[in-house]
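A.B. asks: The structure follows.
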(Lines give C-alpha, C1' and ligand atoms only; values in the text may rest on other atoms or scores of the structure.)
Protein backbone atom coordinates (compact mmCIF):
# COMPACT_ATOMS: atom_id res chain seq x y z
CA UNK A 1 0.00 0.00 0.00
CA UNK A 2 1.30 3.47 -0.90
CA UNK A 3 1.62 6.02 1.92
CA UNK A 4 1.48 9.82 1.57
CA UNK A 5 1.45 12.83 3.95
CA UNK A 6 -1.99 14.26 4.65
CA UNK A 7 -3.76 16.69 6.98
CA UNK A 8 -6.67 16.64 9.42
CA UNK A 9 -9.06 19.59 9.77
CA UNK A 10 -8.54 19.87 13.52
CA UNK A 11 -6.45 22.08 15.78
CA UNK A 12 -3.45 21.01 17.83
CA UNK A 13 -5.49 21.65 21.00
CA UNK A 14 -7.73 18.69 20.09
CA UNK A 15 -4.65 16.52 19.65
CA UNK A 16 -3.18 17.63 22.98
CA UNK A 17 -6.50 17.05 24.78
CA UNK A 18 -6.75 13.48 23.51
CA UNK A 19 -3.06 12.78 24.14
CA UNK A 20 -3.43 13.87 27.79
CA UNK A 21 -6.45 11.61 28.18
CA UNK A 22 -4.55 8.65 26.74
CA UNK A 23 -1.53 9.39 28.95
CA UNK A 24 -3.73 9.32 32.04
CA UNK A 25 -5.25 6.03 30.92
CA UNK A 26 -1.82 4.46 30.40
CA UNK A 27 -0.72 5.58 33.86
CA UNK A 28 -3.91 4.17 35.34
CA UNK A 29 -3.24 0.82 33.67
CA UNK A 30 0.51 1.01 34.45
CA UNK A 31 1.40 0.48 30.80
CA UNK A 32 5.17 0.24 30.38
CA UNK A 33 5.70 0.37 26.62
CA UNK A 34 3.74 0.93 23.43
CA UNK A 35 4.69 1.05 19.76
CA UNK A 36 3.27 4.57 19.52
CA UNK A 37 3.55 7.49 21.93
CA UNK A 38 0.31 8.99 23.21
CA UNK A 39 0.71 11.88 20.75
CA UNK A 40 0.96 9.45 17.83
CA UNK A 41 -1.90 7.32 19.13
CA UNK A 42 -4.05 10.44 19.45
CA UNK A 43 -3.18 11.42 15.87
CA UNK A 44 -4.12 7.93 14.68
CA UNK A 45 -7.51 8.10 16.43
CA UNK A 46 -8.29 11.55 15.06
CA UNK A 47 -7.43 10.36 11.54
CA UNK A 48 -9.79 7.43 12.06
CA UNK A 49 -12.71 9.43 13.45
CA UNK A 50 -12.37 12.68 11.50
CA UNK A 51 -11.20 11.33 8.15
CA UNK A 52 -12.77 7.88 8.26
CA UNK A 53 -9.51 6.09 7.41
CA UNK A 54 -9.73 2.31 7.69
CA UNK A 55 -7.61 0.20 10.02
CA UNK A 56 -5.60 -1.06 7.04
CA UNK A 57 -4.83 2.49 5.88
CA UNK A 58 -3.85 3.57 9.39
CA UNK A 59 -1.67 0.50 9.89
CA UNK A 60 0.26 1.31 6.70
CA UNK A 61 0.58 4.99 7.54
CA UNK A 62 1.79 4.49 11.12
CA UNK A 63 3.90 1.40 10.48
CA UNK A 64 2.03 -0.90 12.87
CA UNK A 65 -0.21 -3.95 12.53
CA UNK A 66 -3.96 -3.85 11.93
CA UNK A 67 -4.59 -5.64 15.24
CA UNK A 68 -2.61 -2.91 17.03
CA UNK A 69 -4.66 -0.20 15.33
CA UNK A 70 -7.83 -1.99 16.41
CA UNK A 71 -6.59 -2.15 20.00
CA UNK A 72 -5.55 1.52 20.02
CA UNK A 73 -8.90 2.59 18.56
CA UNK A 74 -10.95 0.58 21.05
CA UNK A 75 -8.92 1.96 23.95
CA UNK A 76 -9.36 5.59 22.86
CA UNK A 77 -13.06 5.29 22.00
CA UNK A 78 -13.78 3.63 25.35
CA UNK A 79 -11.92 6.40 27.20
CA UNK A 80 -13.69 9.18 25.29
CA UNK A 81 -17.18 7.68 25.49
CA UNK A 82 -17.11 7.58 29.30
CA UNK A 83 -16.64 11.37 29.35
CA UNK A 84 -19.60 12.22 27.10
CA UNK A 85 -22.40 14.18 28.81
CA UNK A 86 -25.54 12.20 29.58
CA UNK A 87 -29.06 13.51 28.97
CA UNK A 88 -29.50 14.90 32.49
CA UNK A 89 -26.23 16.83 32.26
CA UNK A 90 -27.14 18.23 28.85
CA UNK A 91 -30.58 19.34 30.03
CA UNK A 92 -29.09 21.08 33.07
CA UNK A 93 -26.55 22.85 30.87
CA UNK A 94 -29.33 23.98 28.54
CA UNK A 95 -31.50 25.25 31.40
CA UNK A 96 -30.30 28.85 30.99
CA UNK A 97 -31.10 28.91 27.27
CA UNK A 98 -34.33 30.24 25.80
CA UNK A 99 -35.02 26.95 24.03
CA UNK A 100 -33.36 23.90 22.50
CA UNK A 101 -33.72 22.04 19.21
CA UNK A 102 -34.55 18.33 19.06
CA UNK A 103 -33.87 16.43 15.86
CA UNK A 104 -32.96 12.96 14.67
CA UNK A 105 -30.59 11.61 12.06
CA UNK A 106 -29.72 8.28 10.49
CA UNK A 107 -26.10 7.17 10.64
CA UNK A 108 -25.63 4.94 7.60
CA UNK A 109 -24.26 1.45 8.24
CA UNK A 110 -22.96 -1.32 6.01
CA UNK A 111 -25.67 -3.99 6.08
CA UNK A 112 -27.27 -6.43 3.63
CA UNK A 113 -30.90 -6.27 2.53
CA UNK A 114 -31.87 -9.08 4.91
CA UNK A 115 -31.12 -6.87 7.94
CA UNK A 116 -34.59 -5.32 7.96
CA UNK A 117 -34.28 -4.19 11.57
CA UNK A 118 -31.81 -1.51 10.50
CA UNK A 119 -33.58 -0.40 7.32
CA UNK A 120 -35.16 3.06 7.48
CA UNK A 121 -38.14 3.42 5.18
CA UNK A 122 -37.88 7.20 5.48
CA UNK A 123 -34.25 7.36 4.34
CA UNK A 124 -34.39 4.25 2.09
CA UNK A 125 -31.19 2.77 3.53
CA UNK A 126 -29.79 0.88 6.49
CA UNK A 127 -28.67 2.87 9.49
CA UNK A 128 -28.90 3.71 13.18
CA UNK A 129 -31.25 6.37 14.58
CA UNK A 130 -29.55 9.01 16.74
CA UNK A 131 -31.35 11.87 18.48
CA UNK A 132 -29.57 15.17 19.09
CA UNK A 133 -30.24 18.25 21.19
CA UNK A 134 -28.84 21.57 19.98
CA UNK A 135 -28.84 25.08 21.44
CA UNK A 136 -30.61 28.07 19.78
CA UNK A 137 -27.57 28.58 17.53
CA UNK A 138 -27.52 25.00 16.27
CA UNK A 139 -24.55 23.96 18.42
CA UNK A 140 -24.51 20.31 19.46
CA UNK A 141 -25.25 19.68 23.15
CA UNK A 142 -26.08 15.97 23.32
CA UNK A 143 -26.37 12.87 21.15
CA UNK A 144 -28.36 9.81 22.13
CA UNK A 145 -27.43 6.14 22.11
CA UNK A 146 -28.08 4.61 18.68
CA UNK A 147 -31.24 2.64 17.90
CA UNK A 148 -32.04 0.53 14.80
CA UNK A 149 -33.08 2.49 11.72
CA UNK A 150 -36.65 1.17 11.82
CA UNK A 151 -37.30 3.28 14.94
CA UNK A 152 -39.01 6.59 14.15
CA UNK A 153 -37.79 9.85 15.69
CA UNK A 154 -40.67 10.39 18.11
CA UNK A 155 -40.43 6.82 19.39
CA UNK A 156 -36.66 7.15 19.78
CA UNK A 157 -37.07 10.40 21.74
CA UNK A 158 -39.55 8.73 24.08
CA UNK A 159 -37.37 5.64 24.47
CA UNK A 160 -34.42 7.78 25.58
CA UNK A 161 -36.64 9.82 27.93
CA UNK A 162 -35.85 13.06 26.08
CA UNK A 163 -39.39 14.44 26.08
CA UNK A 164 -39.90 13.63 29.76
CA UNK A 165 -36.55 15.20 30.74
CA UNK A 166 -37.23 18.42 28.81
CA UNK A 167 -40.74 18.68 30.23
CA UNK A 168 -39.57 18.08 33.79
CA UNK A 169 -36.99 20.85 33.37
CA UNK A 170 -39.67 23.11 31.84
CA UNK A 171 -37.34 23.67 28.91
CA UNK A 172 -39.04 24.74 25.70
CA UNK A 173 -38.04 22.61 22.74
CA UNK A 174 -38.64 23.07 19.02
CA UNK A 175 -38.76 20.04 16.75
CA UNK A 176 -39.80 19.21 13.19
CA UNK A 177 -42.98 17.50 12.01
CA UNK A 178 -41.59 14.07 12.83
CA UNK A 179 -42.33 14.85 16.49
CA UNK A 180 -45.96 15.87 15.98
CA UNK A 181 -47.95 14.81 19.07
CA UNK A 182 -44.89 14.44 21.32
CA UNK A 183 -46.51 16.57 24.01
CA UNK A 184 -44.80 18.12 27.01
CA UNK A 185 -42.72 21.18 26.17
CA UNK A 186 -41.95 19.96 22.64
CA UNK A 187 -43.38 22.37 20.07
CA UNK A 188 -43.76 21.72 16.35
CA UNK A 189 -43.92 24.92 14.22
CA UNK A 190 -45.54 25.25 10.82
CA UNK A 191 -44.57 26.82 7.49
CA UNK A 192 -41.89 29.53 7.79
CA UNK A 193 -40.72 28.78 11.36
CA UNK A 194 -40.50 25.09 10.52
CA UNK A 195 -37.83 25.74 7.90
CA UNK A 196 -35.75 27.83 10.31
CA UNK A 197 -35.98 25.23 13.08
CA UNK A 198 -35.05 22.44 10.67
CA UNK A 199 -32.02 24.43 9.52
CA UNK A 200 -30.75 24.64 13.11
CA UNK A 201 -31.25 20.90 13.57
CA UNK A 202 -29.38 20.19 10.35
CA UNK A 203 -26.50 22.32 11.60
CA UNK A 204 -26.14 20.06 14.65
CA UNK A 205 -26.29 16.99 12.38
CA UNK A 206 -23.53 18.46 10.23
CA UNK A 207 -21.38 18.74 13.36
CA UNK A 208 -21.72 15.00 13.94
CA UNK A 209 -21.11 14.05 10.33
CA UNK A 210 -18.09 16.31 10.00
CA UNK A 211 -16.46 13.27 11.61
CA UNK A 212 -16.44 11.22 8.42
CA UNK A 213 -16.38 7.84 10.12
CA UNK A 214 -20.03 8.45 11.07
CA UNK A 215 -21.08 8.95 7.44
CA UNK A 216 -20.83 5.24 6.62
CA UNK A 217 -20.14 2.90 9.53
CA UNK A 218 -18.71 -0.55 8.89
CA UNK A 219 -18.38 -1.64 12.50
CA UNK A 220 -20.69 -3.70 14.71
CA UNK A 221 -23.97 -1.96 15.48
CA UNK A 222 -23.16 -2.37 19.19
CA UNK A 223 -20.19 -0.02 18.69
CA UNK A 224 -22.09 2.89 17.12
CA UNK A 225 -23.21 4.42 20.43
CA UNK A 226 -19.65 4.57 21.79
CA UNK A 227 -18.37 6.14 18.57
CA UNK A 228 -21.07 8.83 18.79
CA UNK A 229 -20.17 9.52 22.41
CA UNK A 230 -16.47 9.75 21.53
CA UNK A 231 -17.24 12.40 18.92
CA UNK A 232 -19.49 14.24 21.39
CA UNK A 233 -16.59 14.37 23.87
CA UNK A 234 -14.12 15.66 21.28
CA UNK A 235 -16.48 18.20 19.72
CA UNK A 236 -16.00 21.02 22.31
CA UNK A 237 -12.23 20.89 21.78
CA UNK A 238 -12.68 21.66 18.08
CA UNK A 239 -14.43 25.00 18.68
CA UNK A 240 -12.32 27.89 17.53
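The values are calculated or read from the model by the stated rules, or taken from the named source; none is laboratory data. Every value quoted in this text rests on a predicted model; they were computed, and no experiment measured them. Note: ideal-geometry Cβ built from the backbone for every residue, glycine included; neighbour counts use all protein chains shown.
A.B. asks: What tally of residues in the stretch 204-240 results from selecting those that are within 16 Å of residue 14 (Cα to Cα), assigned to a loop (DSSP other than H, G, I, E, B) and either within 12 Å of the chain's Cα centre (by Cα) or in contact (Cβ under 8 Å) with a residue 60 or more places away in the chain (or both)?
C.D. replies: Result for the stretch 204-240: 3.
A.B. asks: I would also like to ask the following. Tell me, which helices (runs of 4 or more DSSP H) lie completely within the stretch 42-130 with 1 or more residues that are in contact with a strand residue (DSSP E or B) (Cβ under 9 Å, 6 or more places away or on another chain) and touching a residue at least 24 places away in the same chain (Cβ under 8 Å)?
C.D. replies: 87-94
A.B. asks: Something else: How many of the residues making up the stretch 79-133 are at pLDDT below 90 and touching a helix residue (DSSP H, G or I) at 6+ places or on another chain (Cβ under 6 Å)?
C.D. replies: 1
A.B. asks: May I pose another question? Does residue 167 fit the bill of being at pLDDT 95 or above, surrounded by fewer than 17 Cβ atoms within 10 Å (Cβ to Cβ) and farther than 26 Å from residue 121 by Cβ?
C.D. replies: yes
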